[in-house]
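In what follows, a single structure is set out as structure tokens and then discussed.
The values are calculated or read from the model by the stated rules, or taken from the named source; none is laboratory data. Remember, it's a predicted structure, so these values are computed and weren't measured experimentally. Neighbour counts run over all protein chains shown; Cβ positions are idealised from the backbone, glycine included. Ligands, DNA and RNA are excluded from the accessible area calculation, which covers all protein heavy atoms including side chains. Shrake-Rupley method; radii C 1.70, N 1.55, O 1.52, S 1.80 Å.
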Amino acid sequence: MAVVSTSLAGAAVSSHLTQFSGLRKSFLKLDNATSNSTHSFFQNVDSHLRLASSNKGCRGVVTMAGSGKNGTKDSISKLVSDLNSATLESDVDVVVAPPFVYIDQVKNSLTDRIEIAAQNCWTGKGGAFTGEISVEQLKDLGCKWVVLGHSERRHVIGEDDQKAAYALSEGVGVIACIGELLEEREAGKTFDVCFQQMKAYADAVSSWDNIVVAYEPVWAIGTGKVASPEQAQEVHIAVRDWLSKNVSAEVASKTRIIYGGSVNGGNCAELAKKEDIDGFLVGGASLKGPEFATIINSVTSKKVAA
Ligand SMILES: O=C(CO)COP(=O)(O)O
């Protein structure tokens, strides 16, 4: 799910897409049953093993509802209505992340097929803090996920990544955002920045079972400048490799890594074809009903494998 501040965060989450990408693609190959090379055979076996061991056997999409920052009761009602009437591929996990004040509205009107995320939470244990929303309150509202580390909270509000462990300990999944600023990319520091942000999560959590990593290059968020499929894939595979070296090969294989930043109905298909892009975190395009459904359905294993 993509998480956002003001509007619904409509998130379609592809869970554990890494594995999922491979998984989805492998499924197609196996289903076609036409490959006769030993190489293809073992690729398929590997993919199936990864799928079987993944935390969730599907890809995911997260939406900061209605472009999280600008949602209103009306725009969120439209998003909910569009999603309720859309035909969504069954192998794509979809999560919507509305602003706090609209969570109840969404929870009470959105189909149960889609889960709800919050765009932030209070980090402290033991309940509420004046003016903040606790993990316990999110659970009370029916939130299954929370978006943490969004670039706007990092760079505008100055937050760090320390909330993840507590949310996870309370059974709330974390959409863990990472991503570099434009000046960091131009200085050749993209990997350093992303790895540092990954390390902060890794140092704080004891399990990656309920985490989806969202790579969002800050320069691509809400700008219309989407990362090319090659640029995104380069970071996604590097992050997966980082997980393999610093956490475990199993976690690297199972963890879904979704991309966020100016994803729309026109660019989602090419991005979704990349092996390590397991889904999307979507802002603005989630307000455009049919287009958001196109984005969600673009990560199905069927299309990715086609
Ligand atoms: O992160 C995002 C929203 O918070 C992505 O937004 P856009 O899809 O509008 O770029």
Is it the case that the stretch 176-196 has a residue that's closer than 28 Å to ASN108 by Cβ and either within 16 Å of the ligand (Cβ to nearest atom) or buried (at least 23 other Cβ atoms within 10 Å of the Cβ) (or both)?
-> yes
Any idea which residue in the stretch 255-271 is farthest from MET64 (Cα to Cα), counting only those that are part of a loop (DSSP other than H, G, I, E, B) and touching an Asp or Glu at 6+ places or on another chain (Cβ under 7 Å)?
-> ARG256
Those residues of the stretch 88-139 that are among the β-branched types (Val, Ile, Thr), assigned to a helix (DSSP H, G or I) and surrounded by fewer than 20 Cβ atoms within 10 Å (Cβ to Cβ) come to a total of 1
May I ask you to say which residue of ALA202, ALA252, ALA214, ALA227 is within 18 Å of the chain's Cα centre (by Cα), more than 21 Å from VAL172 (Cβ to Cβ) and not in a loop (DSSP other than H, G, I, E, B)?
-> ALA252
Residue pairs qualifying under the 8 Å Cβ cut-off, at least six apart or on distinct chains, with the first in the stretch 255-266 being within 15 Å of VAL92 (Cβ to Cβ) and near the ligand (Cβ under 8 Å from one of its atoms) and the second being part of a strand (DSSP E or B) and open to solvent by less than 30 Å² (accessible area, probe 1.4 Å), are VAL263/PHE280; VAL263/LEU281; VAL263/VAL282
Residue under evaluation LYS274, criteria (1) open to solvent by 40 Å² or more (accessible area, probe 1.4 Å); (2) assigned to a loop (DSSP other than H, G, I, E, B); (3) within 15 Å of the ligand (Cβ to nearest atom), criterion not met = (3)
